[in-house]
Amino acid sequence: MEVYTTACPRNCYSTCSMKVYVENGRICNVEADPQNKATPEGVCLRGLSYVERVHSQDRILTPLKRKQGTADFAEISWDEALDTIIAKLQSYKEKYGPRSVLYYYGSGTKGLLNAVGADFWRLYGGYTTTYGDLCWPAGLEATRLTLGENIHNAPWDIENARLIIMWGKNPAETNIHQMRSIDLALEQGAKLIVIDPRRTRSSETAELLIQPKPGTDGALALGVAHLLIKKNLIDREFIEKYVLGFPEFEKRVRDFTPQRASALTDVPARYIEGLAEYLGNIKPASISGGYGMQRYTNSGQTMRAIIALAVITGNIGQPGAGWIYANLQTGIFDKVRDPIAFFPPKEPDGVVRVSISTARLGRDILDTTDPPLKMIWVERGNPVTQNPETNTVLKAFRSLDFRVVVEQFMTDTAREADIILPAKSMFEQSDVIGAYWHPYIQLKQKVINPPGKVKPETEIYYLLARRLGFPAEEIKNKIPGPGDAEIEAYLETKLKPFPELTLERLREGPIPAPGTKEIAFADFKFPTPSGKIEIFSKEAEERWGVDPLPDFSEPLESTGRKSKEAAKYPLYFMTPNTKNRIHSQFNNLELIRQFSPVPFVFITPEDAEKRGIKNHDEVRIFNDRGELILPAKIDFSMKSRCIAVTNGWWISEGGGVNFLSFGRETDMGHGSAFHDTLVEVECMGSR
Ligand SMILES: Nc1nc2c(c(=O)[nH]1)N[C@H]1C(S)=C(S)[C@@H](COP(=O)(O)OP(=O)(O)OC[C@H]3O[C@@H](n4cnc5c(=O)[nH]c(N)nc54)[C@H](O)[C@@H]3O)O[C@H]1N2
Ligand SMILES: Nc1nc2c(c(=O)[nH]1)N[C@H]1C(S)=C(S)[C@@H](COP(=O)(O)OP(=O)(O)OC[C@H]3O[C@@H](n4cnc5c(=O)[nH]c(N)nc54)[C@H](O)[C@@H]3O)O[C@H]1N2
Ligand SMILES: [Mo]
């Protein structure tokens, strides 16, 4: 048995270091590697399930081609797959130009080698791609505008906090290792407050749970700011020295009385007062903001209002304090630190057309002209299930002439393909990965050979590049050849500027990114235009057309809007993440299905009773965009008028939450406002 240190590249806060045990070319065990101080113990169930996932009977192991006009696929050789793709690529380029090809990638796996795809498509002569992101950009942009960059204290520092506010984050499911540090803090007497419309597992040890109406946290935060200022529970010295725009902010929150905030948020005023008392009196305080609450149309402004609370109480730049959102200190390989620069809304040059909003993927594909889109290449993502407005995404996919999907499993997106190419697993190619919560650079090691006819993306691109006759010198510079040595040489080149990072050292375990700050902003230097923390941000106004101060407006789909839609669809459709899955991954495995075999819709007793719904009744969830039919589970933990289905269920499993969401962007950052989704539910009778 061989044992390797490697790291999990899923889109997950934890990005664990782990030891894998390999025998006869099979992964037979996975366990935590304590060298990573953020994830010293507890590989999660998904981690344990790799043993099954990698060797699953359902894995796609060979290229597949759709049998014309059917939903079936036939196995084909790599030669046939590549020749078919090349014929298409050549003809589209000739007839419509290279921008008729859409290159779409999701968040399926991290790694430096992911860059090879874009380099290939540039060499092809250009391409069309998406801007924006499904996940977190409204909060990234709010943080960058306020503090100047997206960094925070090392994960384990939360142990030093005396007050922890989990604001719209559910680490007990989405960041289990953070729970460990929170527990250690609580053992030392810290207090925990959770703010979430749902009573999540993360709130089990909380002293105070606040359940605002979805999308109204901005009003809650401004109400708390009002009280902190009124009761003089703010840090005036800190504000004087480091904050831009406090006098204007003070004016802004003047009418956000607890009564007004209570009416907007549906949180009792005494809870708002309680939150202000805790935050004003207990120091140091860490506020950990989740990503769920920044997927509304008003959420950039919401996040700015919440960050302002950490700022006016002076909880920045010290141990145990801070705004914990995204720690991009491992982003050392990217030239630009402005996260929105990763999603440029304008064309960066004449080659790449960055014209399609990830949030509006379906509609933008259909609306694109000059040239129109003919082909899509999808890798590392499952847009049919995960992007908003599934019906439109499906229509857009089906309007194209040719679809290639690189996948490990027969996902809803793969089912739409003309050609499916089998994708590697994390154990089948080495890569260097960063993280967005802890500071470690890690090597995700190749520990087994790809099974069947699987080829990593880099090799697929290499073979295509050769057959397309790209200049040899360009291929050599941009696209590593198929051998392990060539992959390692590519990675070594990327690591070269950082002498402390060598593959040899990374093979032993994780290494903090060079220049890592354990305490963010300890030097009180803020890379904003003014050099101060900007509660008032001219840049916010100029870039996004929002108020330069944090403000509150109802999300576009909100029961607070008194619109016709709100009267027709009175329920908030919540689609949170869940513990044993990363979005649409893992639930196809036996190990995981034991815990979650079928999707449910969670509904409060009050909302169920109103509609004559009993536990396990079949219900129809619907709005103008689509419907879902699921069994109901009566649930006492949610705020009434909220219903929830965890996201990630496949349509082929009866899930598909995005049939109900709408493709529209957040107020800043080009995020996806999934959670602006109102629905109605009706009973279809017992099962
Ligand atoms: N196990 C597991 N871990 C994961 C993931 C996963 O799928 N599974 N996904 C990873 C990824 S990509 C992401 S983006 C993160 C997400 O991590 P989190 O942000 O923790 O997860 P979410 O479920 O998106 O949202 C967290 C909470 O926000 C609440 N919420 C929704 N709307 C509002 C609101 O208006 N106000 C408030 N206060 N709360 C609200 C939801 O009820 C939910 O409990 O997790 C990462 N980690
Ligand atoms: N309604 C609603 N929708 C949501 C959310 C929500 O809260 N509500 N959350 C959103 C968020 S936060 C996110 S991050 C997105 C996630 O959406 P996606 O980025 O689409 O992520 P996954 O669902 O994890 O799908 C990733 C796919 O990549 C494949 N894959 C894994 N490794 C590799 C590889 O090495 N190569 C290739 N080619 N493929 C690989 C996996 O098999 C999987 O099918 O979903 C978003 N969708
Ligand atoms: Mo995400």
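Points worth noting:
- Largest-first principal axis extents, alpha carbons of the stretch 2-54, Å: 31, 20, 15
- Gyration tensor verdict on the stretch 583-687 (Cα atoms; rounded if a/c is under 1.5, prolate if a/b is larger than b/c, oblate otherwise): oblate
- Per residue convex hull volume, Cα atoms of the stretch 452-528, in Å³: 183
- Ratio of Rg to Rh over the chain (Cα coordinates, Kirkwood Rh, two decimals): 0.95
- Where labels lie 7 Å past Cα in the beta-carbon direction, separation of Ala87 and His616 in nm: 5.4
- Positive end of the dipole of the chain (Cβ unit charges, origin at the Cα centre): among Pro155, Gln68, Leu571, the Cα lying farthest that way belongs to Leu571.
- In the stretch 137-328, the ratio of gyration radius to Kirkwood radius, Rg to Rh, stands at 0.92 when only Cα atoms are counted.
- Percent RCO, i.e. relative contact order, over the chain, from Cα pairs under 8 Å lying at least 6 residues apart: 21
- When the alpha-carbon atoms of the stretch 56-213 are used, the pair Rg, Dmax equals 24.1, 69 angstrom.
- Distance from the Cα centroid of the stretch 618-669 to that of the stretch 273-322 is 28 Å (rounded to whole angstrom).
- Exposure proxy order (Cβ contacts within 10 Å, fewest to most) of Met303, Met166, Met179: Met179, Met166, Met303
- Environment charge of Ala172, counting only residues whose C-beta is closer than 10 Å and scoring Lys/Arg +1, Asp/Glu -1: +1
- For Gly648, the amide hydrogen comes within under 5 Å of the amide hydrogens of Gly656, Val657, counting only partners 5 or more places away or on other chains and with H modelled in the peptide plane.
- Counted charge near Lys241, where neighbours are those whose Cβ lies closer than 15 Å (Asp, Glu -1; Lys, Arg +1): -2
- Each of Tyr296, Tyr4, Tyr440, Tyr490 was scored by other Cβ atoms within 10 Å of its Cβ. Listed from fewest to most, they are Tyr4, Tyr490, Tyr440, Tyr296.
- Enclosed volume per residue, in Å³, of the convex hull spanned by Cα atoms of the stretch 344-455: 149
- Positive dipole terminus of the chain, leading residue within Ile519, Val406, Tyr462 (C-beta point charges): Val406
- Under the combined filter of DSSP loop state and at most 13 neighbouring Cβ atoms within 10 Å, the stretch 503-541 retains these trypsin sites (Lys or Arg not before Pro): Lys525.
- Where labels lie 7 Å past Cα in the beta-carbon direction, separation of Lys395 and Lys564 in nm: 1.9
- Ranking of Arg199, Arg380 by count of other Cβ atoms within 10 Å, fewest first: Arg199, Arg380
None of the figures in this text is laboratory data; all of them are computed from the coordinates on show. Everything quoted here is computed from the prediction, not taken from an experiment. Please note: Cβ atoms are built from the backbone with ideal geometry, for glycine as well, and neighbour counts cover all protein chains shown.
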